Every structure is written in structure tokens, then in C-alpha cells.
1. Using beta carbons and a limit of 6 Å, which pairs, at least six apart or on different chains, have the first residue in the stretch 167-189 and near the ligand (Cβ under 9 Å from one of its atoms) and the second one assigned to a helix (DSSP H, G or I)?
2. Inspect the stretch 201-214 for any residue being part of a helix (DSSP H, G or I) and either in contact (Cβ under 8 Å) with a residue 24 or more places away in the chain or under 26 Å from D163 (Cβ atoms) (or both) and give the result as yes or no.
3. If you take just the strands (runs of 3 or more DSSP E) that sit entirely in the stretch 279-362, which of them hold at least 2 residues that are within 29 Å of I246 (Cβ to Cβ)?
4. What tally of residues in the stretch 34-76 results from selecting those that are more than 11 Å from the ligand (Cβ to nearest atom), in contact with a helix residue (DSSP H, G or I) (Cβ under 8 Å, 6 or more places away or on another chain) and not in a loop (DSSP other than H, G, I, E, B)?
5. Looking only at strands (runs of 3 or more DSSP E) that lie completely in the stretch 79-147, which have at least 3 residues being surrounded by 20 or more Cβ atoms within 10 Å (Cβ to Cβ) and either touching a residue at least 60 places away in the same chain (Cβ under 8 Å) or of a type in the set (V, I, T) (or both)?
6. Kindly indicate whether L154 is at negative phi and open to solvent by less than 10 Å² (accessible area, probe 1.4 Å).
7. Which one of these is in a strand (DSSP E or B), in contact (Cβ under 8 Å) with a residue 24 or more places away in the chain and more than 28 Å from E286 (Cβ to Cβ): V197, V218?
Amino acid sequence: MSMVMESPGSRQLLPVSCDVAVVGAGLSGALVARRLAEEDLTVAVLEAGEVAGGATGHGGGLALLGTPESYVALSAREGEARARHIWEYTRRNLDILTSLAASVGIAVRRVGSLRLVREGAAAEQLQQSVSLLTEAGFSARLEDATELDMLVGLRTSEDMAFDPVALTQALLAHPHISVQTNTEVKSIEPEGDELGVWARRQYLRTRAVVLAGGAHVVHLNHTLAQGMKVWPVQAVDCICSEAVPIPLVLSEGRVLLQNWEGRQQLTAWSASPAEGPGSLLAQTAEWFCPQATMLERYSGWFVQSRDSLPLVGELPGLPRVYAVSGLGPWGMSWVFVAVEQLLALMLHNEDPGLLSLKRVWEP
Ligand SMILES: Cc1cc2nc3c(=O)[nH]c(=O)nc-3n(C[C@H](O)[C@H](O)[C@H](O)COP(=O)(O)OP(=O)(O)OC[C@H]3O[C@@H](n4cnc5c(N)ncnc54)[C@H](O)[C@@H]3O)c2cc1C
């Protein structure tokens with residue numbers, strides 16, 4: 001039987017030792033914890049705030065196929081083979097989401113999405129993207145979008161919507177997982193063959209640590225901080241007179257508009273100091289729902305690697321300290337497949353390939 005100690009104000013007992021400590025109780029931390037618990041390992045999840053209180057609790061739970069930039073731009077930058085590989089990862093992500101959500105009784109809806117453009121040059125790019133995607137084996141088609149006061153849209157059908165908070169909570173409900181909220185991890189130190197995890201007024205010994213701290217993970221590790229950019233994101237929940245017919249993707253993937261539990265959720269992110277997410281939100285709201293009643297507004301941050309793909313792997317100089325990070329503004333399109341890669345590394349020593357965080361320090 002493992003020893004436990006009680007912390008003031010804690011909701012559960014934090015074990016003194018465990019097989020793996022996971023830093024962060026967002027969707028990525030919950031996924032890691034669940035998969036490890038299913039391998040009969042004991043897992044302690046340490047969370048600075050509340051379960052799903054970070055980006056997971058403020059995102060709309062739209063898991064899209066592909067990446068924000070157009071497929072033609074991605075192919076030009078990465079080459080066609082790598083672009084296809086990247087989109088295949090996001091399709092695999094949707095497959096994992098479907099089976100995992102079913103296994104814990106959480107509903108997932110196949111909602112599809114429409115990437116809209118308003119100008120002729122962008123419409124031409126979209127047309128080229130459709131041709132390349134079709135050649136690469138993806139189902140995508142061009143649709144007239146004049147009813148939405150846009151020119152055309154690229155329609156995909158595999159995109160999914162789900163409740164990320166409910167999924168996070170369901171994943172954490174496992175007898176091998178203990179969750180400690182209001183426990184911010186301050187440092188991780190190698191101690192012989194084990195690791196010491198120091199949180200405020202608390203200490204834990206473990207065989208391995210996984211950093212799944214979302215945007216805040218840059219404060220815990222210098223290597224991760226070096227490999228990442230931090231960008232602002234804003235979301236508003238509102239009620240509009242007309243619901244959108246399908247989740248809409250605008251401004252080259254920087255704006256998402258979707259119906260969510262009887263409301264419309266509008267999310268925008270910016271990777272440019274010149275154009276903050278606030279102005280993108282305002283433009284889109286003016287365009288689609290000028291009479292909207294605002295219910296809630298959220299401002300936060302997300303981290304993205306320099307090549308926009310997640311970072312998965314073991315940290316240099318810190319054996320058995322792993323990270324899943326840099327999920328970016330379309331984190332739901334990556335989190336399931338990124339965690340799958342991380343678990344393959346931790347349990348079977350398989351290289352995370354395209355997602356390996358070695359690319360931060362290796363050319
Ligand atoms: C407003 C908004 C809308 C979004 N909408 C979408 C969308 O529609 N589709 C999509 O694909 N993506 C979307 N995203 C992105 C997506 O939500 C994130 O990529 C995803 O939720 C990240 O999950 P995570 O578990 O890595 O991070 P988080 O959910 O942020 O979880 C990290 C947790 O770690 C904790 N933590 C951090 N540091 C420490 C520490 N030192 N000690 C202990 N705990 C710590 C934090 O408190 C937090 O709870 C959105 C993001 C935002 C902010």
C-alpha cells in the first residue's frame with residue numbers, strides 16, 4: 001500500500017510516491033494519466049488551479065482536420081509528402097478521439113467545417129488546396145458561400161465537436177489516478193534513480209514526470225521555453241439571432257465560429273503584434289452576428305513550436321522527464337495523437353518522429 005499525506009485544503013490525498021507524476025490537469029495531462037493508469041501504473045496529477053481550468057476549459061472543443069494554414073501553403077513550405085503526413089496525423093487524432101470518448105461515455109459529434117474566403121486570390125488558393133487534398137486522399141470540396149456573404153468555402157466532413165471539460169473529468173476518474181488541485185509544481189530535481197517533484201508545501205517522489213502544463217510549461221523548463229512562441233487568444237460566447245450552419249474557419253485559421261450548447265462561440269488568435277485577436281473577433285462578430293448578446297469573454301495564451309507542430313519527448317539532461325507541449329491554437333486537432341506518440345516513447349521507447357522535441361536543439 002502506498003503512503004499518503006494530506007495537504008491543507010486539498011481535495012484528495014497526495015501520495016508520497018507514485019510511478020508517474022503529471023503536471024497539469026488539462027486535456028493533455030488527463031489523457032497521459034489515463035493511458036498510464038490503464039497500464040497499471042500509479043499516477044499523481046498535480047494541478048496549479050482547477051481540473052480543466054486552463055485552455056481546455058475555455059476552448060470550444062472543435063477538433064479539426066488539418067492545420068490552420070491552407071493546404072497549398074503548407075505543401076509549399078513543408079513539401080507535399082510532409083504536408084500529407086501532417087494532415088494524416090490530424091486524421092489519426094480524430095480516430096483516437098472517437099474511440100477514446102466512446103470508451104468513457106462522452107458524446108462526440110461529427111460536425112464538419114467550412115473554411116471561408118472572401119477574395120479571388122484566396123479562392124484560387126482554396127481551389128488548389130482542394131485538388132492537392134483530393135490527390136493526397138482527403139475528402140474536401142469547394143462550396144459556394146455567397147449565402148454567408150463570403151465567396152467560397154473548403155468543406156471537410158470529418159471534423160468533430162465534443163465537450164473537453166467532460167472528457168477531461170471522465171479520463172481522470174480512474175482508481176490509479178490521484179488528482180491534487182491548487183498545487184503548483186515549482187521544480188523537478190533528479191534524486192538518485194528517482195525524481196523529486198517540489199510543489200508549494202508539498203513533495204513527491206516518482207519514477208517519471210510528464211509536463212502537460214499548457215502555456216505555463218515554459219516557466220518550468222528552459223529548453224521548452226526556447227522552442228516555443230507564446231501568442232494571445234481571445235474567445236467570446238454570445239447569442240446571435242441566427243446560428244451558423246456548420247463550424248466556420250476564417251482568416252486563415254485564426255478565427256473559429258461555432259454553435260456550442262445553444263450559444264455561438266467565437267475564438268480568435270493572433271501571431272502578429274500588429275493585429276491582436278480582439279480586432280479579428282470584432283470584425284468577425286460585425287460580419288456574422290452584429291446584434292449578438294455577449295455572455296462571456298476570455299483572454300489567454302497558447303504556446304506553439306517554431307514549426308507549429310507539437311513538441312513531444314524527453315527533456316535533455318533530465319532523464320524520465322517528458323513533455324507534451326506546443327499544441328498551438330488548434331490543440332484539439334493534435335492532443336490525442338501527440339499523447340499517443342508520447343506514450344509510445346515512454347512505454348516502448350519509440351521515437352515520436354515528426355513531433356519529437358529533439359528538433360528544438362538538433363538542426
Ligand atoms: C479560448 C480558447 C479557445 C480554444 N478553442 C479551440 C478549439 O476550438 N479547437 C482547438 O483545437 N483548440 C482550441 N484551443 C486550444 C486548446 O484548447 C488547447 O490546445 C488545449 O486545451 C490544451 O490543453 P492542455 O491540457 O495542453 O493545456 P491546458 O488546458 O491549459 O492545461 C494545462 C494545465 O496545467 C496547469 N499547470 C500549468 N503549470 C503548472 C504547474 N507548474 N504546476 C501545476 N499545474 C500547472 C494549468 O493550470 C492548466 O490547468 C482553444 C484555446 C483557448 C484558450
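1. These pairs meet every condition: T168/L27; T168/A30; T168/T56.
2. yes
3. 293-305
4. The total comes to 9.
5. Because the criterion is at least 3 residues that are surrounded by 20 or more Cβ atoms within 10 Å (Cβ to Cβ) and either touching a residue at least 60 places away in the same chain (Cβ under 8 Å) or of a type in the set (V, I, T) (or both), the strands (runs of 3 or more DSSP E) in the stretch 79-147 that meet it are 113-117.
6. When the stated conditions are applied, L154 passes them.
7. Just a single option satisfies the conditions, and that option is V197.
The values are calculated or read from the model by the stated rules, or taken from the named source; none is laboratory data. Predicted, not measured: the structure shown is a model, and the values here were computed from it. Counting neighbours? That spans all protein chains shown, and the Cβs are built from the backbone with ideal geometry, glycine included. Ligands, DNA and RNA are excluded from the accessible area calculation, which covers all protein heavy atoms including side chains. Shrake-Rupley method; radii C 1.70, N 1.55, O 1.52, S 1.80 Å.
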